[in-house]
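The values are calculated or read from the model by the stated rules, or taken from the named source; none is laboratory data. Please read all numbers here as calculations on a predicted model, not as lab measurements. For neighbour counting, all protein chains shown are included, and Cβ atoms are generated from backbone atoms with ideal geometry for every residue, glycine included. When the accessible area is computed, the model is the full protein with side chains, heavy atoms only, and any ligands, DNA or RNA have been set aside. Shrake-Rupley method; radii C 1.70, N 1.55, O 1.52, S 1.80 Å.
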Amino acid sequence: MGFTQTVKNIWSVDDLRRRLGITILLVLVYRFGCYVVLPGINPNDLQALKAFTSDGLMQLLDMFSGGAFSQASIFALGIMPYITASIVIQLLGMVLPAFQKMQREGESGRMKLNQYTRYLTVLILLVQGPAYLLNLKYQVSAAGVAIDMNFWNVLFMTIVLAAGSMFIMWLGERIDQKGIGNGISFIILIGIMARFPEAVFQEFTSRLLNSAGGGLVIFLVELIILVAVIAGAVLLVQGTRKVPVQYAKRIQGNKQYGGARQYIPLKVNAAGVMPIIFAQAIMFIPVTMVGFTTNHGGFFGAMTNLYGFWYNLVYFIMIVAFTYFYTAITVRPAQMAEDMKRNNGFIPGIKPGKPTVEYLDTIMSRITLPGSIFLGIVAILPAIAHVVGLNRQFAAFFGGTSLLIMVGVILDTLRIIEGHLLMRHYDGLMKEGRIKGRTTGSGVF
(Lines give C-alpha, C1' and ligand atoms only; values in the text may rest on other atoms or scores of the structure.)
Protein backbone atom coordinates (compact mmCIF):
# COMPACT_ATOMS: atom_id res chain seq x y z
CA MET A 1 0.00 0.00 0.00
CA GLY A 2 1.42 3.36 -1.02
CA PHE A 3 1.95 6.38 1.15
CA THR A 4 -0.78 8.32 -0.66
CA GLN A 5 -3.37 5.64 0.01
CA THR A 6 -2.34 5.52 3.68
CA VAL A 7 -2.89 9.27 4.01
CA LYS A 8 -6.28 8.92 2.32
CA ASN A 9 -7.27 6.18 4.76
CA ILE A 10 -6.23 8.32 7.72
CA TRP A 11 -8.12 11.33 6.38
CA SER A 12 -11.26 9.28 5.73
CA VAL A 13 -11.61 8.35 9.42
CA ASP A 14 -13.50 11.28 10.98
CA ASP A 15 -12.46 10.59 14.57
CA LEU A 16 -8.80 10.12 13.63
CA ARG A 17 -8.80 13.27 11.49
CA ARG A 18 -10.30 15.27 14.34
CA ARG A 19 -7.80 13.93 16.84
CA LEU A 20 -4.86 14.71 14.58
CA GLY A 21 -6.16 18.24 14.04
CA ILE A 22 -6.53 18.86 17.80
CA THR A 23 -3.04 17.46 18.40
CA ILE A 24 -1.50 19.78 15.80
CA LEU A 25 -3.35 22.78 17.26
CA LEU A 26 -2.16 22.04 20.81
CA VAL A 27 1.41 21.49 19.59
CA LEU A 28 1.31 24.90 17.87
CA VAL A 29 0.17 26.47 21.16
CA TYR A 30 3.12 24.82 22.89
CA ARG A 31 5.62 25.96 20.27
CA PHE A 32 4.26 29.52 20.42
CA GLY A 33 4.64 29.58 24.20
CA CYS A 34 8.30 28.56 23.87
CA TYR A 35 9.00 32.02 22.45
CA VAL A 36 7.09 34.04 25.08
CA VAL A 37 9.84 35.54 27.23
CA LEU A 38 9.50 35.97 30.99
CA PRO A 39 8.20 39.41 32.07
CA GLY A 40 11.00 41.86 32.81
CA ILE A 41 13.53 40.06 30.57
CA ASN A 42 14.85 41.67 27.39
CA PRO A 43 15.24 39.00 24.65
CA ASN A 44 18.25 40.91 23.27
CA ASP A 45 20.12 40.28 26.54
CA LEU A 46 19.96 36.48 26.28
CA GLN A 47 22.93 35.82 24.00
CA ALA A 48 25.06 34.74 26.97
CA LEU A 49 22.35 32.30 28.09
CA LYS A 50 22.09 30.85 24.57
CA ALA A 51 25.85 30.34 24.48
CA PHE A 52 25.72 28.68 27.91
CA THR A 53 22.98 26.24 26.85
CA SER A 54 24.73 25.28 23.61
CA ASP A 55 27.06 22.92 25.46
CA GLY A 56 27.04 20.27 28.15
CA LEU A 57 24.01 19.08 30.06
CA MET A 58 22.34 22.45 29.57
CA GLN A 59 22.14 21.62 25.87
CA LEU A 60 20.14 18.50 26.70
CA LEU A 61 17.79 20.48 28.95
CA ASP A 62 17.31 23.06 26.22
CA MET A 63 16.57 20.27 23.73
CA PHE A 64 13.91 18.71 25.96
CA SER A 65 12.26 22.12 26.41
CA GLY A 66 12.19 22.79 22.67
CA GLY A 67 14.56 25.76 22.99
CA ALA A 68 12.45 27.46 25.69
CA PHE A 69 15.27 27.09 28.25
CA SER A 70 17.69 29.27 26.26
CA GLN A 71 14.90 31.72 25.38
CA ALA A 72 14.08 32.43 29.06
CA SER A 73 10.54 31.52 28.10
CA ILE A 74 7.55 30.98 30.38
CA PHE A 75 7.98 27.31 29.36
CA ALA A 76 11.70 27.32 30.23
CA LEU A 77 11.47 24.51 32.81
CA GLY A 78 9.58 22.37 30.35
CA ILE A 79 8.00 19.06 31.23
CA MET A 80 11.06 17.51 32.89
CA PRO A 81 9.92 18.34 36.48
CA TYR A 82 6.77 16.30 35.83
CA ILE A 83 8.85 13.45 34.39
CA THR A 84 11.09 13.52 37.46
CA ALA A 85 8.07 13.44 39.76
CA SER A 86 6.57 10.54 37.78
CA ILE A 87 9.78 8.55 38.13
CA VAL A 88 9.94 9.19 41.88
CA ILE A 89 6.31 8.09 42.33
CA GLN A 90 6.95 4.97 40.26
CA LEU A 91 10.01 4.10 42.35
CA LEU A 92 7.99 4.61 45.53
CA GLY A 93 5.38 2.25 44.09
CA MET A 94 8.07 -0.42 43.85
CA VAL A 95 9.39 -0.17 47.40
CA LEU A 96 6.61 1.27 49.65
CA PRO A 97 3.57 -0.90 50.52
CA ALA A 98 1.23 2.11 50.72
CA PHE A 99 1.98 3.10 47.11
CA GLN A 100 1.83 -0.54 45.98
CA LYS A 101 -1.66 -0.74 47.48
CA MET A 102 -2.74 2.35 45.51
CA GLN A 103 -1.39 0.78 42.32
CA ARG A 104 -3.63 -2.24 42.92
CA GLU A 105 -6.75 -0.14 43.56
CA GLY A 106 -7.45 0.38 39.86
CA GLU A 107 -8.75 3.70 38.60
CA SER A 108 -9.16 5.28 42.04
CA GLY A 109 -5.60 4.39 42.98
CA ARG A 110 -4.29 5.74 39.68
CA MET A 111 -6.07 9.06 40.31
CA LYS A 112 -4.47 9.31 43.77
CA LEU A 113 -1.02 8.63 42.33
CA ASN A 114 -1.57 11.23 39.62
CA GLN A 115 -2.53 13.76 42.29
CA TYR A 116 0.60 12.99 44.30
CA THR A 117 2.64 13.34 41.10
CA ARG A 118 1.23 16.82 40.52
CA TYR A 119 1.97 17.89 44.10
CA LEU A 120 5.54 16.63 43.79
CA THR A 121 5.89 18.39 40.43
CA VAL A 122 4.96 21.71 42.05
CA LEU A 123 7.54 21.16 44.81
CA ILE A 124 10.23 20.41 42.23
CA LEU A 125 9.26 23.51 40.27
CA LEU A 126 9.54 25.67 43.39
CA VAL A 127 13.15 24.48 43.71
CA GLN A 128 14.12 24.58 40.04
CA GLY A 129 12.49 27.96 39.39
CA PRO A 130 14.77 30.05 41.66
CA ALA A 131 17.78 27.98 40.54
CA TYR A 132 17.03 28.77 36.90
CA LEU A 133 16.53 32.48 37.65
CA LEU A 134 19.76 32.76 39.64
CA ASN A 135 21.65 31.05 36.86
CA LEU A 136 19.97 33.39 34.34
CA LYS A 137 21.11 36.38 36.38
CA TYR A 138 24.67 35.04 36.53
CA GLN A 139 24.86 34.41 32.77
CA VAL A 140 23.37 37.76 31.80
CA SER A 141 25.48 39.66 34.35
CA ALA A 142 28.61 38.07 32.93
CA ALA A 143 27.70 39.70 29.61
CA GLY A 144 27.46 43.12 31.28
CA VAL A 145 23.65 43.30 31.57
CA ALA A 146 21.96 43.82 34.93
CA ILE A 147 18.68 42.13 35.86
CA ASP A 148 16.84 43.05 39.02
CA MET A 149 16.39 39.74 40.86
CA ASN A 150 15.03 40.86 44.20
CA PHE A 151 12.88 38.56 46.31
CA TRP A 152 9.54 39.64 44.84
CA ASN A 153 10.75 39.41 41.24
CA VAL A 154 12.14 35.93 41.85
CA LEU A 155 8.88 34.89 43.53
CA PHE A 156 6.76 36.27 40.70
CA MET A 157 8.89 34.70 37.95
CA THR A 158 8.99 31.38 39.80
CA ILE A 159 5.20 31.34 39.87
CA VAL A 160 5.15 32.13 36.13
CA LEU A 161 7.64 29.33 35.41
CA ALA A 162 5.68 26.87 37.54
CA ALA A 163 2.43 27.86 35.84
CA GLY A 164 4.08 27.43 32.43
CA SER A 165 5.22 23.90 33.23
CA MET A 166 1.83 22.96 34.65
CA PHE A 167 0.20 24.37 31.50
CA ILE A 168 2.45 22.12 29.38
CA MET A 169 1.31 19.18 31.52
CA TRP A 170 -2.30 20.25 30.91
CA LEU A 171 -1.64 20.35 27.16
CA GLY A 172 -0.26 16.82 27.34
CA GLU A 173 -3.36 15.61 29.14
CA ARG A 174 -5.59 17.25 26.52
CA ILE A 175 -3.62 15.46 23.78
CA ASP A 176 -4.27 12.22 25.68
CA GLN A 177 -7.99 12.86 25.98
CA LYS A 178 -8.89 14.77 22.82
CA GLY A 179 -5.89 14.23 20.55
CA ILE A 180 -3.92 11.29 19.25
CA GLY A 181 -2.76 10.25 22.73
CA ASN A 182 0.66 9.82 24.34
CA GLY A 183 0.54 13.55 25.10
CA ILE A 184 3.49 14.20 27.44
CA SER A 185 5.81 12.06 25.33
CA PHE A 186 4.58 13.77 22.17
CA ILE A 187 5.40 17.20 23.57
CA ILE A 188 8.94 16.06 24.41
CA LEU A 189 9.24 14.60 20.90
CA ILE A 190 8.28 17.93 19.32
CA GLY A 191 10.87 19.75 21.41
CA ILE A 192 13.61 17.34 20.35
CA MET A 193 12.59 17.25 16.68
CA ALA A 194 12.60 21.06 16.55
CA ARG A 195 16.39 20.93 16.94
CA PHE A 196 17.08 18.16 14.44
CA PRO A 197 16.99 20.15 11.14
CA GLU A 198 19.34 22.81 12.55
CA ALA A 199 21.73 20.14 13.85
CA VAL A 200 21.87 18.38 10.46
CA PHE A 201 22.39 21.67 8.63
CA GLN A 202 25.22 22.71 10.96
CA GLU A 203 26.98 19.37 10.54
CA PHE A 204 26.57 19.54 6.75
CA THR A 205 27.97 23.08 6.66
CA SER A 206 30.91 22.26 8.90
CA ARG A 207 31.84 19.19 6.85
CA LEU A 208 31.47 21.02 3.55
CA LEU A 209 33.49 24.10 4.54
CA ASN A 210 36.01 22.93 7.12
CA SER A 211 37.18 19.58 5.78
CA ALA A 212 40.36 19.44 3.72
CA GLY A 213 38.67 17.08 1.32
CA GLY A 214 35.86 14.55 1.13
CA GLY A 215 33.63 16.47 3.51
CA LEU A 216 30.44 15.47 1.70
CA VAL A 217 31.47 11.79 1.75
CA ILE A 218 32.12 11.99 5.49
CA PHE A 219 28.71 13.59 6.01
CA LEU A 220 26.99 10.80 4.04
CA VAL A 221 28.84 8.18 6.10
CA GLU A 222 27.64 9.92 9.26
CA LEU A 223 24.05 9.77 8.02
CA ILE A 224 24.39 6.05 7.29
CA ILE A 225 25.77 5.44 10.78
CA LEU A 226 22.90 7.51 12.22
CA VAL A 227 20.36 5.33 10.38
CA ALA A 228 22.07 2.21 11.76
CA VAL A 229 21.97 3.64 15.29
CA ILE A 230 18.26 4.45 14.88
CA ALA A 231 17.62 0.88 13.74
CA GLY A 232 19.40 -0.40 16.85
CA ALA A 233 17.35 1.97 19.00
CA VAL A 234 14.15 0.58 17.45
CA LEU A 235 15.16 -2.94 18.49
CA LEU A 236 16.07 -1.69 21.96
CA VAL A 237 12.81 0.19 22.46
CA GLN A 238 10.67 -2.68 21.18
CA GLY A 239 12.44 -5.14 23.45
CA THR A 240 15.47 -7.26 22.71
CA ARG A 241 15.27 -10.89 21.68
CA LYS A 242 13.98 -13.23 24.37
CA VAL A 243 16.15 -15.97 25.87
CA PRO A 244 14.09 -19.19 26.08
CA VAL A 245 14.22 -21.27 29.25
CA GLN A 246 12.66 -24.61 28.40
CA TYR A 247 10.22 -26.29 30.71
CA ALA A 248 7.66 -29.06 30.33
CA LYS A 249 4.46 -30.21 31.95
CA ARG A 250 3.94 -33.54 33.63
CA ILE A 251 1.08 -35.71 32.47
CA GLN A 252 -0.83 -37.53 35.16
CA GLY A 253 -0.03 -41.21 35.20
CA ASN A 254 3.13 -40.79 33.11
CA LYS A 255 6.60 -40.12 34.49
CA GLN A 256 7.87 -38.89 31.12
CA TYR A 257 7.59 -35.32 29.83
CA GLY A 258 4.43 -34.84 27.89
CA GLY A 259 3.07 -32.36 25.40
CA ALA A 260 4.92 -29.59 23.60
CA ARG A 261 7.87 -27.92 25.28
CA GLN A 262 7.16 -24.40 26.50
CA TYR A 263 9.44 -21.43 27.19
CA ILE A 264 9.80 -18.71 29.79
CA PRO A 265 10.49 -15.42 27.95
CA LEU A 266 13.48 -13.98 29.83
CA LYS A 267 14.61 -10.85 28.00
CA VAL A 268 18.21 -9.78 27.61
CA ASN A 269 16.97 -6.25 28.31
CA ALA A 270 14.01 -6.69 30.64
CA ALA A 271 14.31 -3.13 31.97
CA GLY A 272 13.80 -1.45 28.60
CA VAL A 273 14.81 2.22 28.52
CA MET A 274 13.86 2.88 32.15
CA PRO A 275 17.45 2.75 33.54
CA ILE A 276 18.50 5.51 31.15
CA ILE A 277 15.52 7.65 32.18
CA PHE A 278 16.22 7.09 35.89
CA ALA A 279 19.93 7.87 35.52
CA GLN A 280 19.27 10.96 33.40
CA ALA A 281 16.83 12.32 35.97
CA ILE A 282 19.47 12.00 38.70
CA MET A 283 22.16 13.53 36.49
CA PHE A 284 19.98 16.63 36.15
CA ILE A 285 20.35 17.33 39.90
CA PRO A 286 23.79 19.03 39.55
CA VAL A 287 22.24 21.39 36.98
CA THR A 288 19.77 22.54 39.64
CA MET A 289 22.55 22.96 42.20
CA VAL A 290 24.66 25.00 39.78
CA GLY A 291 21.99 27.69 39.85
CA PHE A 292 22.73 28.34 43.54
CA THR A 293 26.46 28.94 43.05
CA THR A 294 28.67 31.04 40.83
CA ASN A 295 31.32 28.32 40.82
CA HIS A 296 30.60 26.26 37.72
CA GLY A 297 33.90 24.40 37.83
CA GLY A 298 35.13 21.48 39.90
CA PHE A 299 32.56 18.80 40.74
CA PHE A 300 29.57 20.70 39.35
CA GLY A 301 31.44 21.49 36.16
CA ALA A 302 32.41 17.84 35.66
CA MET A 303 28.87 16.60 36.37
CA THR A 304 27.29 19.04 33.90
CA ASN A 305 29.73 18.40 31.05
CA LEU A 306 27.67 16.17 28.78
CA TYR A 307 30.75 15.14 26.79
CA GLY A 308 33.21 14.92 29.69
CA PHE A 309 34.85 11.69 30.89
CA TRP A 310 33.63 11.80 34.49
CA TYR A 311 30.04 12.60 33.57
CA ASN A 312 29.83 9.70 31.13
CA LEU A 313 31.61 7.30 33.49
CA VAL A 314 29.17 8.05 36.33
CA TYR A 315 26.25 7.98 33.87
CA PHE A 316 27.34 4.57 32.51
CA ILE A 317 27.76 3.06 35.99
CA MET A 318 24.36 4.38 37.09
CA ILE A 319 22.66 2.87 34.05
CA VAL A 320 24.22 -0.55 34.76
CA ALA A 321 23.17 -0.32 38.41
CA PHE A 322 19.63 0.83 37.59
CA THR A 323 19.28 -1.98 35.03
CA TYR A 324 19.97 -4.57 37.72
CA PHE A 325 17.73 -2.71 40.18
CA TYR A 326 14.77 -2.37 37.80
CA THR A 327 15.15 -5.96 36.57
CA ALA A 328 15.23 -7.29 40.13
CA ILE A 329 11.98 -5.46 40.90
CA THR A 330 10.04 -6.23 37.72
CA VAL A 331 11.28 -9.80 37.04
CA ARG A 332 10.42 -12.07 39.95
CA PRO A 333 11.96 -15.58 39.71
CA ALA A 334 10.04 -16.69 42.82
CA GLN A 335 6.73 -15.79 41.15
CA MET A 336 7.77 -17.55 37.94
CA ALA A 337 8.69 -20.71 39.86
CA GLU A 338 5.39 -20.60 41.74
CA ASP A 339 3.42 -20.16 38.50
CA MET A 340 5.20 -23.15 36.94
CA LYS A 341 4.51 -25.29 40.00
CA ARG A 342 0.86 -24.23 40.04
CA ASN A 343 0.55 -25.21 36.36
CA ASN A 344 2.24 -28.55 37.03
CA GLY A 345 5.34 -27.51 35.09
CA PHE A 346 9.05 -27.84 35.76
CA ILE A 347 12.45 -27.21 34.19
CA PRO A 348 14.09 -30.47 33.08
CA GLY A 349 16.96 -31.32 35.40
CA ILE A 350 15.97 -28.71 38.01
CA LYS A 351 13.93 -29.52 41.10
CA PRO A 352 10.79 -27.43 41.72
CA GLY A 353 10.80 -24.81 44.45
CA LYS A 354 13.93 -23.09 45.67
CA PRO A 355 16.31 -24.73 43.12
CA THR A 356 14.11 -23.41 40.29
CA VAL A 357 14.15 -19.90 41.81
CA GLU A 358 17.94 -19.99 42.11
CA TYR A 359 18.29 -21.30 38.55
CA LEU A 360 16.12 -18.53 37.09
CA ASP A 361 17.86 -15.90 39.22
CA THR A 362 21.26 -17.08 37.97
CA ILE A 363 20.15 -16.87 34.35
CA MET A 364 18.71 -13.38 34.83
CA SER A 365 21.93 -12.18 36.47
CA ARG A 366 23.99 -13.48 33.56
CA ILE A 367 21.87 -12.07 30.75
CA THR A 368 21.25 -8.73 32.48
CA LEU A 369 24.96 -7.85 32.37
CA PRO A 370 25.28 -7.64 28.54
CA GLY A 371 21.91 -5.89 28.39
CA SER A 372 22.99 -3.25 30.90
CA ILE A 373 26.32 -2.69 29.12
CA PHE A 374 24.48 -2.29 25.81
CA LEU A 375 22.16 0.29 27.40
CA GLY A 376 25.14 2.16 28.83
CA ILE A 377 26.90 2.26 25.46
CA VAL A 378 23.77 3.60 23.76
CA ALA A 379 23.51 6.28 26.44
CA ILE A 380 27.09 7.56 26.02
CA LEU A 381 27.13 7.32 22.21
CA PRO A 382 26.65 11.12 21.84
CA ALA A 383 29.90 11.72 23.75
CA ILE A 384 31.71 9.16 21.60
CA ALA A 385 30.32 10.76 18.43
CA HIS A 386 31.51 14.19 19.57
CA VAL A 387 34.99 12.86 20.37
CA VAL A 388 35.37 11.53 16.82
CA GLY A 389 34.55 14.95 15.37
CA LEU A 390 30.78 15.54 15.13
CA ASN A 391 29.41 18.88 16.27
CA ARG A 392 27.66 18.85 19.62
CA GLN A 393 24.08 19.33 18.44
CA PHE A 394 24.29 16.63 15.76
CA ALA A 395 26.11 14.22 18.12
CA ALA A 396 23.20 14.43 20.57
CA PHE A 397 21.02 12.48 18.10
CA PHE A 398 23.44 9.51 17.93
CA GLY A 399 22.14 7.94 21.11
CA GLY A 400 21.19 8.74 24.66
CA THR A 401 17.82 9.75 26.03
CA SER A 402 16.88 12.01 23.13
CA LEU A 403 17.20 9.29 20.47
CA LEU A 404 15.36 6.68 22.54
CA ILE A 405 12.53 9.09 23.30
CA MET A 406 12.23 10.00 19.61
CA VAL A 407 12.13 6.39 18.47
CA GLY A 408 9.80 5.26 21.26
CA VAL A 409 7.27 8.05 20.83
CA ILE A 410 7.21 7.77 17.04
CA LEU A 411 6.60 4.02 17.26
CA ASP A 412 3.86 4.53 19.85
CA THR A 413 2.17 7.22 17.75
CA LEU A 414 2.27 5.08 14.62
CA ARG A 415 0.89 2.15 16.59
CA ILE A 416 -2.03 4.30 17.82
CA ILE A 417 -2.80 5.49 14.27
CA GLU A 418 -2.58 1.93 12.97
CA GLY A 419 -4.97 0.79 15.69
CA HIS A 420 -7.56 3.36 14.56
CA LEU A 421 -7.21 2.18 10.96
CA LEU A 422 -7.45 -1.53 11.75
CA MET A 423 -10.44 -0.96 14.02
CA ARG A 424 -12.28 0.50 11.02
CA HIS A 425 -11.19 -2.34 8.71
CA TYR A 426 -8.51 -0.40 6.85
CA ASP A 427 -5.05 -1.73 6.11
CA GLY A 428 -2.35 -0.90 8.64
CA LEU A 429 0.72 1.24 8.04
CA MET A 430 2.86 -1.75 7.03
CA LYS A 431 2.32 -4.35 4.33
CA GLU A 432 3.36 -7.16 6.67
CA GLY A 433 3.23 -7.41 10.44
CA ARG A 434 2.22 -4.85 12.99
CA ILE A 435 4.03 -1.87 14.47
CA LYS A 436 5.27 -2.52 17.99
CA GLY A 437 5.48 0.27 20.54
CA ARG A 438 7.58 0.50 23.66
CA THR A 439 7.48 -2.74 25.63
CA THR A 440 8.79 -1.34 28.92
CA GLY A 441 8.44 1.96 30.62
CA SER A 442 6.17 3.76 28.20
CA GLY A 443 3.82 4.63 31.01
CA VAL A 444 6.38 6.90 32.66
CA PHE A 445 5.58 9.76 30.31
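Would you kindly derive the ³J(HN,Hα) couplings of segment 148-154 from the backbone phi angles with the Karplus curve 6.51 cos²θ - 1.76 cosθ + 1.60 (θ = phi - 60°), listing them in order in whole Hz, with x for Gly and Pro?
Karplus-based 3J(HN,Hα) across segment 148-154 equals 6, 10, 6, 4, 5, 5, 5 Hz.
Ranked highest first by average number of other Cβ atoms within 10 Å, how do 224-233, 71-80, 132-141 line up? Could the numbers behind the result be given before it?
Working: 224-233: 14.7, 71-80: 25.4, 132-141: 20.8.
Most protected by this proxy first, the peptides run 71-80, 132-141, 224-233.
Could you sort 8, 267, 354 by their accessible area in this structure, using a 1.4 Å probe and putting the largest first? Present the calculation step by step, with values, prior to reporting the outcome.
Details: 8 120, 267 45, 354 145 Å².
From most accessible down to least: 354, 8, 267.
Please give the peptides 97-106, 32-41, 176-185, 402-411 ranked by average Cβ packing (other Cβ atoms within 10 Å per residue), highest first, as a rough proxy for protection.
Working: 97-106: 12.3, 32-41: 15.6, 176-185: 19.8, 402-411: 22.9.
The densest-packed peptide leads the list: 402-411, 176-185, 32-41, 97-106.
Near the amide H of residue 267, under 5 Å away, which other amide H atoms are found, from residues 5 or more places off or on another chain, if H is placed in the peptide plane?
Residues meeting the amide H criterion: 243.
What FRET efficiency comes out for the pair residue 235/residue 159, r = Cβ-Cβ distance, R0 = 45 Å, nearest 0.05?
In this case the efficiency is close to 0.50.
About its Cα centre, what dipole magnitude does segment 80-194 give when the only charges are +1 on Lys and Arg Cβ and -1 on Asp and Glu Cβ, stated in debye to the nearest 20? Kindly include the intermediate steps, with their values, before the conclusion.
Working: 8 positive and 5 negative charges, 45 e Å.
Result for segment 80-194 is approximately 220 debye, rounded to the nearest 20.
Could you put 148, 412 in order of accessible surface area, largest first, with the 1.4 Å probe and the full protein assembly present? Can you show the working numbers first?
Details: 148 95, 412 5 Å².
Output order, biggest surface exposure first: 148, 412.
To the nearest 10 square angstrom, how much accessible area does residue 422 have with a 1.4 angstrom probe?
60 Å²
With r as the distance between the Cβ atoms of residue 350 and residue 47 and R0 = 51 Å, compute the FRET efficiency 1/(1 + (r/R0)^6) and round to 0.05. List each step's numbers first, then the result.
On the way: r = 66 Å, r/R0 = 1.30.
FRET efficiency, residue 47 to residue 350: 0.15.
Using the basic label-point model (7 angstrom from Cα toward the beta carbon), what is the residue 329 to residue 167 distance in nanometres?
3.4 nm
Just to be sure I understand the model, the point goes 7 Å from the Cα along the line to the Cβ. What's the resulting residue 177 to residue 114 distance in nm?
0.8 nm
Determine the sum of side-chain charges near residue 329: Lys and Arg each +1, Asp and Glu each -1, restricted to other residues whose C-beta is under 15 angstrom from that of residue 329. Walk me through the numbers on the way to the answer.
Numbers: positive: 267, 332; negative: 361.
Neighbourhood net charge equals +1.
So who's got an amide H within less than 5 Å of the one on residue 180, skipping anything under 5 residues away but keeping other chains? H placed 1.01 Å off N, in plane.
23
State the extension gain, in nm to one decimal, for the chain segment bounded by residue 95 and residue 107, taking 0.36 nm per residue of separation less the distance between their alpha-carbons. If you can, show how the numbers build up before the last one.
Values: separation 12, 0.36 × 12 = 4.32 nm, distance 2.05 nm.
Contour length minus the Cα-Cα distance gives 2.3 nm.
With all protein chains present, calculate the accessible area of residue 173 using a 1.4 Å probe and round the result to the nearest 10 Å².
Probe radius 1.4 Å; accessible area of residue 173 about 40 Å².
Based on the mean of other beta carbon atoms within 10 Å per residue, what is the order of 387-394, 9-16, most packed first?
Averaged packing, sorted descending, gives the order 387-394, 9-16.
Go through segment 321-326 residue by residue and turn each phi into a ³J(HN,Hα) via Karplus (6.51, -1.76, 1.60, θ = phi - 60°); whole Hz please, and just put x for glycine and proline.
Per-residue couplings from phi come out as 5, 5, 4, 5, 5, 5 Hz.
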